[in-house]
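For reference, the structure discussed in these notes is given below.
The values are calculated or read from the model by the stated rules, or taken from the named source; none is laboratory data. All values reported here derive from a predicted model rather than from experimental measurement. Glycine also receives a Cβ, built like all others from the backbone with ideal geometry; neighbour counts cover every protein chain displayed.
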Amino acid sequence: MNYKIAPFTVETCVQAAILHASTFKRSWSEKELKTVLLSTPGTFGFKAASLQGELWGFILLQYVIDEAEILTLSVSESHRRQGIGTKLIKAAMKQLFVKKAKRLLLEVNQYNKEALLLYKSLDFKTYGRRKNYYLLNDKKQADALLLEIKLNDEFNL
Ligand SMILES: CC(C)(COP(=O)(O)OP(=O)(O)OC[C@H]1O[C@@H](n2cnc3c(N)ncnc32)[C@H](O)[C@@H]1OP(=O)(O)O)[C@@H](O)C(=O)NCCC(=O)NCCS
């Protein structure tokens with residue numbers, strides 16, 4: 001499986017919008033992705049793309065002073081369980097470490113088993129919970145779990 005990890009740029013937004021729509025119910029359009037990337041200070045990201053340029057996954061983050069947050073992370077269904085999510089997060093952690101960020105945060109649906117297993121495998125820890133943060137349907141809500149990892153030179157990148 002041949003792919004490259006590279007910075008997420010404006011040109012990535014067209015394919016990223018398609019991938020995002022196939023992953024999330026409330027997805028971001030190409031325009032929204034561009035706005036987040038260009039107009040929100042401290043936003044950056046990485047993509048995983050085949051050598052032919054097909055987008056297989058991406059991560060977007062926001063970095064403010066010494067903390068960063070994962071805004072979104074998506075890997076295409078046909079390329080999951082091949083380490084791409086892990087590689088994208090590690091690329092972001094490396095960049096944040098260079099920028100001297102101290103902490104990486106994210107929020108995740110309590111029922112998102114795959115994502116929780118991925119974050120656990122990277123040693124993220126739960127530090128909080130937002131009750132009924134996500135509306136799943138008319139009847140059901142889900143909590144958001146707040147996860148963090150400290151960025152210090154002990155983590156194994
Ligand atoms: C969550 C997501 C990004 C994971 O991406 P991925 O590229 O498949 O993750 P990786 O291959 O790097 O998985 C790393 C580890 O996470 C765990 N994991 C990930 N998906 C898993 C699954 N379906 N079942 C069991 N363990 C899983 C495993 O420990 C895995 O290591 P292993 O394959 O060596 O056992 C992907 O499933 C996805 O895009 N989901 C939909 C969007 C989403 O939920 N984004 C996160 C929102 S917070």
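When only residues in the range 68-101 that are of a type in the set (Val, Ile, Thr) and touching a strand residue (DSSP E or B) at 6+ places or on another chain (Cβ under 9 Å) count, which is farthest from LEU33 (Cα to Cα)? Looking at the filtered set, the residue picked out is ILE84.
Filtering the range 76-100 to residues that are away from the ligand (no atom under 16 Å from the Cβ) and either surrounded by fewer than 17 Cβ atoms within 10 Å (Cβ to Cβ) or within 17 Å of LYS125 (Cα to Cα) (or both) leaves PHE97, VAL98, LYS99, LYS100.
Evaluation of PHE8 against the conditions (1) under 13 Å from the mean Cα position of the chain (by Cα); (2) within 26 Å of LYS150 (Cα to Cα); (3) modelled with pLDDT under 95 shows that the sole unmet condition is (3). Across the range 44-73, the qualifying residues are those that are crowded, with 23+ Cβ neighbours inside 10 Å and among the small types (Gly, Ala, Ser), and the one among them that is nearest to the ligand (Cβ to nearest atom) is GLY57. I'd like to know if the range 43-64 contains one or more residues that are hydroxyl-bearing (Ser, Thr, Tyr) and over 15 Å from the mean Cα position of the chain (by Cα). Checked against the condition, which is being hydroxyl-bearing (Ser, Thr, Tyr) and over 15 Å from the mean Cα position of the chain (by Cα), the range 43-64 yields at least one hit.
Going through the range 2-19 one residue at a time, which ones are hydroxyl-bearing (Ser, Thr, Tyr) and more than 19 Å from GLU32 (Cβ to Cβ)? Answer for the range 2-19, where residues must be hydroxyl-bearing (Ser, Thr, Tyr) and more than 19 Å from GLU32 (Cβ to Cβ): just TYR3. For the range 106-119, the condition of being touching a strand residue (DSSP E or B) at 6+ places or on another chain (Cβ under 7 Å) and away from the ligand (no atom under 12 Å from the Cβ) holds for none of the residues.
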